[in-house]
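Below is one structure, written out as structure tokens, with a few remarks after it.
The values are calculated or read from the model by the stated rules, or taken from the named source; none is laboratory data. All values reported here derive from a predicted model rather than from experimental measurement. Cβ: placed from backbone, ideal geometry, glycine included. Neighbour counts: every protein chain shown.
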Amino acid sequence: MHSDDPGVTGQTLLDAQFDRRVIAYWRVLVSLIMVITIVGIPFIPFWLLYSLWFGPKYFDGLSARLTTQALELRKGVFTRNESTIPLNRITDLKLHQGPIMRRFGLHGLKVETAGQSGPHASSEGNLLGVVDAAAFRNAILRQRQVALGAEPAEDTPGPTATADGTTELLTEIRDILARIEARQ
């Protein structure tokens, strides 16, 4: 799945790098959950010993790769999860950072896709500990625009929605919709 062969998902553009601090974050997070539940307190030493083996194995299995047509995600130790998310299905990429993540200097990136709805819908992919998550997110969004046929404008500002720019905005929206319909 992670070869440079430009097969179904296209040529590799960018491989995400993950921060090793994510291992310590998982140790602390699970330990805190055990403390909060009170009944987990006696298991904390076992968890900490187990995490010395499990954490690095899980970290080594993490990967995220942006290709010309998709975002490929891999993770897992005992159960391997591999996802290929076509860029045209991605509807949103959310950066998130909770208080414990902030303490470790980590960011999360949630990939949401078309077809997810309802109060119990979860993200298609959740990447924790991506180095420079904002830059990886921006690269995915730029490539998504390219894949949809709407070249991103680098230095030119987009059309404005002021009274005199409304026609320009509506014209651009019409052109984007026409390109999307042409691809289907």
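Would you mind finding the one in Arg27, Arg20, Arg89, Arg74 that is under 30 Å from Ala182 (Cβ atoms), out of contact with any Phe, Trp or Tyr (no Cβ under 6 Å at 6 or more places or on another chain) and basic (Lys, Arg)? Please lay out each step first, then the result.
On the way: Arg27 fails: under 30 Å from Ala182 (Cβ atoms); Arg20 fails: under 30 Å from Ala182 (Cβ atoms); Arg74 fails: under 30 Å from Ala182 (Cβ atoms).
Just one listed residue meets the conditions, Arg89.
When restricted to residues that are part of a strand (DSSP E or B) and surrounded by 14 or more Cβ atoms within 10 Å (Cβ to Cβ), segment 60-94 contains 17.
Considering each of Gly149, Gly118 in turn, give the residue that is out of contact with any strand residue (DSSP E or B) (no Cβ under 7 Å at 6 or more places or on another chain), at pLDDT below 95, surrounded by 12 or more Cβ atoms within 10 Å (Cβ to Cβ) and not in a helix (DSSP H, G or I). Full working, then the answer.
Details: Gly118 fails: surrounded by 12 or more Cβ atoms within 10 Å (Cβ to Cβ).
Unique residue meeting the criteria: Gly149.
Given the structure, is Arg144 out of contact with any helix residue (DSSP H, G or I) (no Cβ under 6 Å at 6 or more places or on another chain) and at pLDDT 90 or above? No, not satisfied.
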